[in-house]
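The next block holds one structure in the form of structure tokens; read it before the comments.
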Amino acid sequence: MSKKDELLSIIKAESYSRFILKGFFVRYGDIYYPIKVCLLAIKDKEAMTRYFDYGDFLFVEDGLSIEQTIKITQNLGEAFECDFSSYSVRIPRGFFRALEEDQNKIIQEHQGYVALHDIERQLLKEKRSYPKSNYRQWPTEVYIFYFDHQNEINLVRSRLRDRPFPFKKELPVFPDYYEALESWFGKELRYLRGGQLIFYIPRYQARISEITFAKDMFIISLEEGSCPKREIAIKYFISYENLPNDFGDLDFDKKIRVFLKDKVIKFYIVLFNAKSELPIDYRNYNFGDMYNKDLDIEYDEENIEHWLAEGENESLEYKLSIDKENREEFIESICAFLNTRGGRIILGVDDKANVKGLDKEELDKYRVRIPDLVRQWIEPKTELHIKTSEARGKKLIIVSVQKGENPPYNYKDHGVFVRANATDRIATREELLQLQSQKNTQHLFNRRYYFHY
């Protein structure tokens, strides 16, 4: 079965109510040509309709019926015309392809084909990626239709080069069309090149909505969908540092607790259909991922008391606040942890481990300000895990920093910092060379990429 036939069979078989179309089009003559288009299958009946018409550039978000989507999909392959939101659109000829298809074969069959780059491939393989949508956490199949590079799409793309983005007084203003695309689709889709139509097909059977890593357990939150609860089976695998591996079965419930026996190296859990034995949803965490934002971390008072008794060290820093006087020190610590072994910053505690706490205004302010400071001052881009906790009756913020995967990390206009005992300092020349060599090694193995938004 071809990718096109496979996609059509899913659209017809599943009980979707409609598709949301979100696209960017460029006018050539009297016809609009698609540069990037996403189609998301939904079960809700309501869908937003809006469009930004800049003349030559058109942004469209509209709902398509299942019949309209099937008709468009059936015609894909040869060039054809259709209407989106009363605009005439010409879909160029092209082809469906799988992410893992042999590249040499495609190059021979489709002249001008450009291979996926690593980040693009990783993003499309991530089964939860749909821009700016509440549906993105459902397990999703992705189908990609590429417009053939040897057709009129190249003429349309030529209109984008070296042109200022048009201005309309009633519409948002953008410095160029790249910024407009990022604003419309979301930051993660800037990694996907133009000239393609992407189908996102969520399978609303069941899902793992959240996993919390507590002191001695994983708490798994599940959500039912179209698959009956009695047909859902759950299995898990845990790799421990000092004990034999643990694996077993779980009963479906809204909240499941898996108690831990030792320090965890890896945790894997999968939901699957007991009849067909096909996977529905899964999570796979290595210990190094524990600071990742898609895994919630729950700290109890015993954890925090242990860190307060430890004192500041290579992986632990206390900060009373983030004001103008110590903001630079806070960013230096973030940079140093990224370049060394990772670590935690406890906000609301002074240098002598006295718990002063944070009031509600400070809690709300810092949860917004910390990510902003990191985006503004740390390069390359990175993500932190920020958690509100409590100790001795006082509220605290714990900022967990994972060792960075793309070193060296630089504090803009200040330098590259590393952690030495309980202090942050500028890296030496030898340390810079070592960090650069780590980056090269990680690039060779293409370890993984994170996309959060």
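No value in this document is a laboratory result; all are computed from the given coordinates. All figures in this text were calculated on a predicted structure; none of them were measured in a lab. Note that we place each Cβ from the backbone using ideal geometry, even for glycine, and neighbour counts take in every protein chain shown.
Structure above, values below:
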| read-out | value |
| --- | --- |
| Proxy reagent accessibility, fewest Cβ within 10 Å first, across SER65, SER85 | SER65, SER85 |
| Environment charge at LYS254 (Cβ cut-off 9 Å; Lys +1, Arg +1, Asp -1, Glu -1) | -2 |
| Size of electric dipole in the range 339-434: Cβ of Lys, Arg +1 and of Asp, Glu -1, about Cα centre, debye, nearest 20 | 280 |
| Footprinting exposure proxy for MET217, MET1 (fewest neighbouring C-beta atoms within 10 Å first) | MET1, MET217 |
| For the range 260-384, alpha-carbon Rg and Dmax in angstrom | 18.1, 62 |
| Mean separation of Cα contacts under 8 Å (6+ apart) over length of the range 299-445, as relative contact order % | 29 |
| Neighbour-count order for PHE57, PHE272, PHE167, fewest beta carbons within 10 angstrom listed first | PHE167, PHE272, PHE57 |
